[in-house]
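So the structure is just underneath, and the comments pick up after that.
The values are calculated or read from the model by the stated rules, or taken from the named source; none is laboratory data. Predicted, not measured: the structure shown is a model, and the values here were computed from it. As a convention, Cβ positions derive from the backbone with ideal geometry for all residues, glycine included, and neighbour counts pool all protein chains shown.
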Amino acid sequence: MKKLTIIFLWIFSLISAQVGPAKELHRNPPRAWALTNATIHASPGKTIVNGTVVMRNGMITSVGSDVKIPKQATIRDMEGKHIYAGFIESWLDVNTIKKDTSLQAHWNSNMRAYLKAADLFHPKDKELRDLRALGFTTAHITPKGGIFQGQSALVQLGKTPKVLSENIAQVIEFASSGWGSREYPTSLLGVIAFIRQGFYDATWYEKTGNILAKYPDGNEPIQKDRSLEALSSGKGKKQPFVFRTNNELYIDRSENIADEFDLTFWIRGNGYEYRRIDQMPASFMIVPLNFPGKPEVADPYQALQYTTEQLKHWDMAPDNVAKLVAAGFQVALTGSDLKNKKDFQKNLSRSINRGLNESDALAALTTNPAREFGQSKRLGKVAPGYIANLVIADNNYFSGESTVNAVWIDGNEYEIEPDPFVSIAGTWSLKERNNVWSLVLNKSAKGFSGEIKTENKSIKLNHVKVEQDRIAFSVKADTLLQKGVTRFQGTFTEKKAMGQSFYADGTSDNWSAVLETKKTPKKKKQKKEDPSNLDLVFPEGAYGLDEDVPNPKTILINDATVWTSGPKGILKEYDILIQDGKIKKIARNITLPRGNALVIDGAGKHVTPGLIDAHSHMAGESINEGFQNVTAEVRMRDVIDPNDVALYRGLAGGLTTINLLHGSANPIGGQNVVMKIRWGSFSDELIFKEAPQGIKFALGENVKRERPYGRYPESRMGVEQVIRDAFSSASDYKQSMDTHNKDVRLQRSAIPPRRDLELDALVEIMEGKRLVHSHSYRQDEILMLTRIAEDFGFTIGTFQHVLEGYKVAERLAEHGAGASTFSDWWAYKYEVVDAIPYNGTLMTNAGVTVSFNSDSDELARRMNLEAAKAVKYGGLDEAEALKLVTINPAKQLRIDKHVGSLEIGKDADFVIWSGHPLSTYSVCEQTWLDGKQYFSLEQDQYYRQRDAKVRNSIIQKILASPEDGEKAMRPKGRRGNRFDSCDALEAYLMEGEE
Amino acid sequence: MKQLMAAILLSTFLFPNNQIPAAPQKHPILLKNGFIHTVSNGVVNGSILFDKGKITHIGEFISPPDGAEVIDLDGKHVYPGFIAAVSRMGLVEISAVDVTNDHSERGDFNPNVRANVAYNPDSEIIPTTRSNGVLIANIVPASGLVSGQASIMMMDGWTWENATFAHPSGLHINWPQMGIRAGGRRFSMSAEKQNERRQKALEKLDEIMKQSHAYARLRQTNTRTAEDYHKEDLRLESMIPYVQGNLPIYIHANEVRQIEAAVHWANRHDVKIVLVGGKDAWRTIDLLKKNKIPVIYEGVTALPSRRYEDYDQAYKGAALLYEAGIQFCIASSSGDASRVRNLPNHAAMAAAYGLPKDEALRSITLSAAEILGIDPQVGSLESGKDATLFIANGDPLEIRTNVLQAYIQGRKIDMGDRHKMLYHKYQEKYRQLGILKE
């Protein structure tokens, strides 16, 4: 039978192929079918009972309960069947090429926008069969590989896939080749810069092309680049750009890029969308229907390895689709991330249990993708004029208990699991010799099983074998039959059966049976699962906020010792009045203003400005883009991870502001971002908006170290040259930009200079708009960089680490650079062999603005104690010492107008300490930013109790849930950072994190 | 006398030298008119007398014996020298420069290697460390499963033999990873493979003990028949005192399953163990208590082990052990050399988060000595104990406090170090430039 089907299908495919000569005689059977008596789910929400679908020549011609069936149509009785429009698999990756080696290739192999999935699709028969078995008749195929991956297409999943559209969308992935790779970009940082530069280049390429077409003479021809061409043409035609995302942060990053370049965009989702549903862009979402494996929590110690966020995700992920739909998103589904494709139907029915409406589920498989893919007039519905793509199921597809019997694609039938001639499942009354028993036959996914029942006994059937209407089985039943094993064989009709039984002694006899009922005693149904009853917090997991931080209008702190870090020094028994997030007054005995004020008793407490760390890598999902020696184009603001618990821990140590820096892998690294630790805020709101832009430089061992892929420079001499070279090319760039922008004639007829994000940043440095924060150790390199800066007319913002700064402090002061150093680190590498803990004091005394930094999530929690080391080593005055972590870093980051000291008009960023802030015995009790309390010992206790309860309840739920034999969830490991920030980690290991 | 004191203190600041190891104590020294923090017996507002390297008397008033050098403390404080219970002092100079590392031998099973033979008494790190009052350090090999034997060193001496206080102090074992590490591009080993690797390591640890027992039995037989004859095996030979329970085995383990497994392993093989690390020790209080396992609690200032743990989990870990009545001391990290000078900060952090101040001080002096088994000689200020102590201008657990003078076995220590030297050198530069006026 199977063979027969295949031959049939082969014939069909020949018939439907319209081009090309006939191989033998023409075959022209009528391609007309009528499927009758079915439950037709014509479109989401519209069901026809006892309906008929008529198809002719690959198209649906009529649908309804009372339709005329054309004469030539073959009629199929579909009683009991459910018919749906063919499902659309909204994401199916196709393998791409390694590299474009043509003359029209982009310089970087990650740019391959010219590729078309339609040209790359070479499915194996089994892949197609597996897809059809789930009911998929059409797929959105997507090229995978590189960053700009190429254009997706829509194909019919018949034996010979037919392309419906070859330019659906441009696919983009934030794919880095990883640390140690031999091509830029190697990190998320670089990837985002590469995407942005790609779009700028596409615009430039188009403009240049137009000018060249108009003025072919006098302009030097440019290298042809078919990817840039594809990008600019796609952008011009408003073709959608679809971004592959790993989690909700990537959705935000996609949106930022789409906004910057005014793109029509879609999101290839990730399963984490439910976490930020309120803030998500209203774009079309293609959401994977795979759920996390079960955490292994039966061993209580093993359970400790799972983060709270992971445990919650297990419980909440199956709600994702339902929540998205409820929030009004246009959703399409994909099973492409499933390891076991058969889980698709199971997960779909789980989603429905969790609150997804069946008609919304159907829409997500049919009308939604059809509309977004521009096919709403011919795909997604069982309606006249639509392509004859159908799913035939023996039950409601979304019930979780249905089998797809067949799909129709282009009016051709593909059998999946056809019904047998006779359905033998049921309870039969069996007569064998003089005995009458019940014969119960069950059918499951694994096949048939059964039993023979007497009044008080039940005997299992062995070796049950069913083929269409024929059965064979054995029974070992000494008492009922004969000693030994008795074998049965027989054939069924709808209501009767007969056959022979063979006994252990070699004799045989006849048996017969009549149907009692088609029903078989149902197995225990799996309990319907409920939606998760957990609350979302942000960031998700432990210490996440369940509501916004309260924002009191007026706050009064009474009778505290106030370390102003300003001209007033240390004030004992003073009051601070805060209004609307700003410091209003600092005086003795401030009387309460009218109205409500939050009063904090500061008696015995010390209040300091919020601590500032001028060198941090916390909340950076990616730290180094180290492949090239200059990467001024990459930006830390693109890779902020607001989920990093290091932020919270920093707050618990009085830290309020950090300078998130690029790593030290290259002489000119990426752009930094200054952040306020507004824990519980998303990336954008963490950014310290008033802080000027900056950039990381690095000198010495980290940058000159030999790379496996070979990279200039490998000596301090080369480092100097790389930086000089960068600035001289930035000068040239600025020159050509200025010339072009001033001359209207040039603008009309000459090729414009190409906008270069890297050079833009360097020009900003020269213009004094971008502060340089340079990683440095030795005096020679410190001097060197001040000289380069002066040659190019700018001042270095800070030298970071600057452990030999004490040797050239007068030069630092003269140049005007700040020094952000470690309190007492040394001996970890050769270039710090002369590092001394007196560095801070010596530089301060020479007139340099000095800060102490952490460069470590751990140290960042006790910056006050770092400051205390300046008292110990070199005897700095205590108030001056505290300034090393308050006003001084604020000055270095040029944010001292807003933060860094407790003075009238400044942001109310402050810390309340249990005692002297430079004492090792003191504890940070409260941390405030903008007049809002972001940390307190009390609130911390609340989180602890809440989170312990949540963990416990999920663990109980996991233990109570049925064993499903699926692969367990992999724990997030020791640090429990949600992301494997391997770039960062590896960069730390290989480059040193300094 | 005050002037003498001032001169002594100043001289070390003004004229740093290349830190010449001190000569043996030649005359009695009386430190008077200060606060003597004995650790074992409260604070005495008075004097301390020591001679020939040993403390002879502590009291409110002590009259100086003949020939005594008398130093007026003028209200300053005397403490027993801090003890770094685990460290790499002298075994590494610059960690990133591979050739200066001598703490890790090749291979998994190195019970025979001895730390003190690789101790560099001229390491620049040593003077900077004793400048903060750390006068004794247990130095620990680091690599593989069985790393080697540790040695207790005094932070002054011409040679490693001079500087050795006790050897061996114990055998060090890194307990295998018991958990499943998260996947990722850097570490892609499957959970199954990790389980397999763990099983192998655990089997190996048992196998080592069985072999060592067998070897020990063989070595004890007096007969020298052909059957008993055996070739010497340096590794197994060095295991004998440990399998016989004469010396403790230090197990480095932080995670709860490691701790649990290590304790049961010790019981199975009837050996004495000390737990090093102990981040999760608070989760296994009863087990540790029942089996009387001492804990060298490492890294008070460390980050929590798990994302959801209390931000101050490591800070308060020592207090939790103290409250549970478990014998413990505090160390910085067994991987530390250049940061051992911050040992008092670790103790102070524990005090800020619940450990009584006295206990915090004890945790890096007497408690450490007790666990290392050197409390008869050091760890507190008592008559008969070594005069290994220092003078400070305040509470040495406070960062702002400075150690003014140290004595190791009564020998007056050169308080200069590389950092002070460079400090003075560059102060001179700024004096020459007219930037520094003093």
Kindly indicate which of B:30, B:73 is touching a Ser or Thr at 6+ places or on another chain (Cβ under 7 Å) and modelled with pLDDT of 95 or more. B:30
Considering only the range A:820-829, I want to know if a residue exists there that is farther than 24 Å from residue A:660 by Cα and either without any contact (Cβ under 8 Å) to a residue 12 or more places away in the chain or more than 10 Å from chain B (Cβ to nearest Cβ) (or both). yes
What helices (runs of 4 or more DSSP H) completely inside the range A:343-399 contain at least 1 residues that are more than 24 Å from residue A:317 (Cα to Cα) and of a type outside the set (A, V, I, L, M)? A:367-372
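Quick grid of which residues meet (1) away from chain A (no Cβ under 13 Å); (2) assigned to a helix (DSSP H, G or I); (3) in contact (Cβ under 8 Å) with a residue 24 or more places away in the chain:
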position	(1), (2), (3)
B:90	no, no, yes
B:103	yes, no, yes
B:107	yes, no, yes
B:122	yes, no, no
Of all residues in the range A:884-926, how many are of a type outside the set (D, E, K, R), over 17 Å from residue A:602 (Cβ atoms) and not in a loop (DSSP other than H, G, I, E, B)? 5
Could you please find all residues in the range A:84-138 being farther than 17 Å from residue A:242 by Cβ, assigned to a loop (DSSP other than H, G, I, E, B) and aliphatic (A, V, I, L, M)? A:97, A:103, A:105, A:134
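Taking strands (runs of 3 or more DSSP E) that do not extend beyond the range A:151-201, which have at least 3 residues that are among the hydrophobic types (A, V, I, L, M, F, W, C) and touching a Phe, Trp or Tyr at 6+ places or on another chain (Cβ under 8 Å)? Show your work before the answer.
Numbers: elements: A:153-156, A:162-165, A:170-173.
The strands (runs of 3 or more DSSP E) meeting that bar are A:153-156.
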Among the candidates B:195, B:254, which residue alone is assigned by TED's automatic domain parsing to the domain that holds residue B:146, touching a residue at least 24 places away in the same chain (Cβ under 8 Å) and closer than 30 Å to residue A:305 by Cβ? B:254
Collect the residues in the range A:175-194 that are within 14 Å of another protein chain (Cβ to nearest Cβ) and under 14 Å from residue A:112 (Cα atoms), keeping them in residue-number order. A:175
Pick from the range A:845-863, criterion in contact with a helix residue (DSSP H, G or I) (Cβ under 7 Å, 6 or more places away or on another chain), touching a residue at least 40 places away in the same chain (Cβ under 8 Å) and not aliphatic (A, V, I, L, M), ranking: farthest from the other protein chains (Cβ to nearest Cβ): A:851
Take the range B:362-401 and flag every residue that is more than 14 Å from chain A (Cβ to nearest Cβ), part of a loop (DSSP other than H, G, I, E, B) and of a type in the set (Asp, Glu). B:375, B:382
Restricting to the range A:719-764, name every residue that is among the acidic types (Asp, Glu), part of a helix (DSSP H, G or I) and either on the phi > 0 side of the Ramachandran plot or crowded, with 19+ Cβ neighbours inside 10 Å (or both). A:720, A:758, A:764
Of the conditions (1) more than 25 Å from residue B:394 (Cβ to Cβ); (2) at pLDDT 95 or above; (3) not in a strand (DSSP E or B), residue B:56 fails just one. Which one is it? (3)
How about the range B:365-384: which of its residues are crowded, with 24+ Cβ neighbours inside 10 Å and either under 20 Å from residue A:872 (Cα atoms) or more than 17 Å from the chain's Cα centre (by Cα) (or both)? B:381
The lone condition residue B:362 fails out of (1) under 28 Å from residue B:164 (Cβ atoms); (2) modelled with pLDDT of 95 or more; (3) surrounded by fewer than 22 Cβ atoms within 10 Å (Cβ to Cβ) is (3)
Considering only the range B:405-414, I want to know if a residue exists there that is closer than 28 Å to residue A:882 by Cβ, crowded, with 22+ Cβ neighbours inside 10 Å, modelled with pLDDT of 95 or more and within 20 Å of the chain's Cα centre (by Cα). no
With the structure loaded, tell me whether residue A:315 is touching a residue at least 60 places away in the same chain (Cβ under 8 Å) and either within 24 Å of residue A:538 (Cα to Cα) or among the β-branched types (Val, Ile, Thr) (or both) or whether it fails that test. yes
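Residues are listed down the side, and each one gets a yes or a no for (1) aliphatic (A, V, I, L, M); (2) crowded, with 20+ Cβ neighbours inside 10 Å; (3) without any contact (Cβ under 8 Å) to a residue 60 or more places away in the chain:
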site	(1), (2), (3)
A:28	no, no, yes
A:47	no, no, yes
A:55	yes, yes, no
A:65	no, no, yes
A:75	yes, no, yes
A:79	no, no, yes
A:86	no, yes, no
A:103	yes, no, no
Note on residue B:348: of the conditions (1) within 9 Å of another protein chain (Cβ to nearest Cβ); (2) surrounded by fewer than 24 Cβ atoms within 10 Å (Cβ to Cβ), unmet is (2)
Exactly one condition in (1) more than 10 Å from chain A (Cβ to nearest Cβ); (2) surrounded by fewer than 23 Cβ atoms within 10 Å (Cβ to Cβ) is not met by residue B:427; state its number. (1)
Filtered residues of the range A:868-921 (kept if of a type in the set (Gly, Ala, Ser) and touching a Pro at 6+ places or on another chain (Cβ under 7 Å)): A:900, A:901
Residue that is touching a residue at least 12 places away in the same chain (Cβ under 8 Å), of a type in the set (Ser, Thr, Tyr) and within 14 Å of chain A (Cβ to nearest Cβ), where the choices are B:297, B:315: B:315
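Would you confirm, using the coordinates I've provided, whether residue A:589 is free of Cβ contacts under 8 Å to residues at least 40 places away in the same chain and away from chain B (no Cβ under 14 Å)?
Numbers: free of Cβ contacts under 8 Å to residues at least 40 places away in the same chain: yes; away from chain B (no Cβ under 14 Å): yes.
Judged against the criteria, residue A:589 is a match.
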Any chance residue B:181 is under 21 Å from residue B:253 (Cβ atoms), basic (Lys, Arg) and either in contact with a Ser or Thr (Cβ under 9 Å, 6 or more places away or on another chain) or outside any helix (DSSP H, G or I) (or both): yes
Matching residues in the range A:169-209 - criterion: being charged (D, E, K, R) and either free of Cβ contacts under 8 Å to residues at least 60 places away in the same chain or farther than 13 Å from residue A:628 by Cα (or both): A:173, A:196, A:201, A:206, A:207
From A:959, A:902, A:893, which residue is buried (at least 18 other Cβ atoms within 10 Å of the Cβ) and either farther than 14 Å from residue A:610 by Cα or within 13 Å of chain B (Cβ to nearest Cβ) (or both)? A:893
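Hey, among A:651, A:647, which residue is within 14 Å of chain B (Cβ to nearest Cβ), crowded, with 24+ Cβ neighbours inside 10 Å and closer than 24 Å to residue A:256 by Cβ? Spell out how you get there, then give the answer.
Working: A:651 fails: closer than 24 Å to residue A:256 by Cβ.
Exactly one residue qualifies, and that residue is A:647.
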